[in-house]
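These notes concern the structure reproduced below.
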Amino acid sequence: MNKNRHHYSMNRAGLLMLDIALIAISFKLSHMFRYGDTALQHQYSIFFVLFALFWWIVSGFKYFFFRIEGFIPFEKKTAELINVFILHAFLLSTCIVVFNLEDLSRLLLLYTYLLTALLIGISRIILLLVNRYFSKSDMAYSRYVIIGTGPAAMSLRDTFSSEEHPGTKFMGFFDDNTDAVNPHNSQVRGTLADLKEYCLQHRIDEVYYTLPLNNREQIEDLTEFADDNFMYFRIVPDFSGIVQKEVNMYFYHNIPIISIRREPLEHVTNRIIKRAFDFAFSLTVILFLFPIVLPIIALAIKLESKGPVFFKQLRPGKKNRLFLCYKFRTMHVNNQTEQQATKHDPRVTRVGRFLRKTNLDELPQFFNVLLGDMSVVGPRPNLVSQLDQYSKVISKYKMRHFVTPGITGYAQVSGFRGETKELKLMEKRIEYDVRYMENWSFMMDMKIIFLTIWNMIKGEKNAY
């Protein structure tokens, strides 16, 4: 189906190039309004590069920016656009403060943001209108028929009828053995003997075969017919008797292999990328941040309560291997180390409450990352007692230990952090952990890190 999407969608690179061009125009116009000419001074040329770079980073976090063809409500698109501008402004402001770029004109910056928001907003509206026009025109449609009326055929029909596939036009089913009580019988156009004539008369683009794969001659005949008449013939294996969700297929030489679950981090290249980033990021934090914050936090902990500065505890890691997890101590010394912190927990010190609220208590775990026991991003390592408890009642609980645990995770930045008094809260956390495993990408890790930093600044409401 994707072969027709070029009629009404713009790919990621094209849309990003458009945004950068609009940002460049905004800079030129802003400079003209502020200084009377369009020739950017040296510092503003550098500032333009920073502005565009941050736009590239934050725009990649929002799927909407690179999927114009989806029928996402206009209100949601507008909200996402505003969120991206807010995140962009925050990163840029931080950069200005850190690098002491005090000579930049605040008025020029204001002009630039207003013009950029205006131009990019107008471009999105135009692209949306163009998309809707082409999606309604006949040239955008890919006409397709489905051979078979079984579960695989119905699932395929329902999938292509969703709003995620606006450029498709279903033309009917073909089957020699239809069920008399099938509610879709009105959409059956005939038997397989009628298929070829119908395809030629109605200029069908794609034919989907969902019958059992035991009739080799029939498949070869239909493949030859489709090739001769410039149609795409696709075979849809019916896995409904094996799995009830999406599967991932790949080839080892010429052998097809089906994986029940997508596992991006099972690929060596992805693991190397993630480990290289973990090592570099944790080393940077340890060398540049720790010398500043460690004495301050250590002194605060020591002044308020007796006991060590650091707290260490065995936690289950990848494949349930136990490792010593390090944190700043946030509680009075006690023997209830396997008990979760609760709201208004008397064990938590005042300093500890601040450290938990801002996630600063997790900083020593960068040593765990450096050693390879943890990752910057991944499922949070739970207590050993939780491993025993939840493994018995949550079916997918152990799946989260296929990957290295993280300092922060997808579940945490999605609002599922803190105390899990109810089973459903832990189930949601596990659901997000599994989603992370199945959809991992380097950009997803970057998004989670930035959201974690943002949550540290505004404070975590579920952090006790």
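The values are calculated or read from the model by the stated rules, or taken from the named source; none is laboratory data. Keep in mind that what you see is a predicted model, and the values were worked out from it rather than measured. As a convention, Cβ positions derive from the backbone with ideal geometry for all residues, glycine included, and neighbour counts pool all protein chains shown. Keep in mind that these areas ignore ligands, DNA and RNA; they rest on the heavy atoms of the full protein, side chains included. Shrake-Rupley method; radii C 1.70, N 1.55, O 1.52, S 1.80 Å.
Kirkwood analysis of the Cα pair distances in the range 312-403 returns a hydrodynamic radius of 14.2 Å. Output wanted: per-residue J couplings in Hz (rounded whole) for the range 214-225, from phi through Karplus 6.51 cos²θ - 1.76 cosθ + 1.60, θ = phi - 60°, x for Gly and Pro. Per residue, the Karplus-derived 3J(HN,Hα) values read 9, 10, 5, 4, 5, 5, 5, 5, 5, 4, 5, 4 Hz. For the range 145-157, putting each phi into the Karplus relation 6.51 cos²θ - 1.76 cosθ + 1.60 with θ = phi - 60° gives couplings of 10, 10, 8, x, 9, x, x, 5, 5, 5, 5, 5, 4 Hz, in residue order, rounded to whole numbers and with x for Gly and Pro.
Here r is the Cβ-Cβ distance between Glu304 and Val49 and R0 is 60 Å; the resulting FRET efficiency, rounded to 0.05, is 0.85. Accessible area per residue for the range 347-456, computed on protein heavy atoms with a 1.4 Å probe, is 41 Å². In this structure the amide hydrogen of Ile235, modeled in the peptide plane, comes within under 5 Å of the amide hydrogens of Tyr209, none closer than 5 places in sequence on its chain. Backbone amide hydrogens, once placed in the peptide plane, bring Gly172 within less than 5 Å of Ile146, excluding anything fewer than 5 places away on its chain. Close amide H contacts of Leu363 (hydrogens built in the peptide plane, cut-off under 5 Å, sequence separation of 5 or more or a different chain): Phe328.
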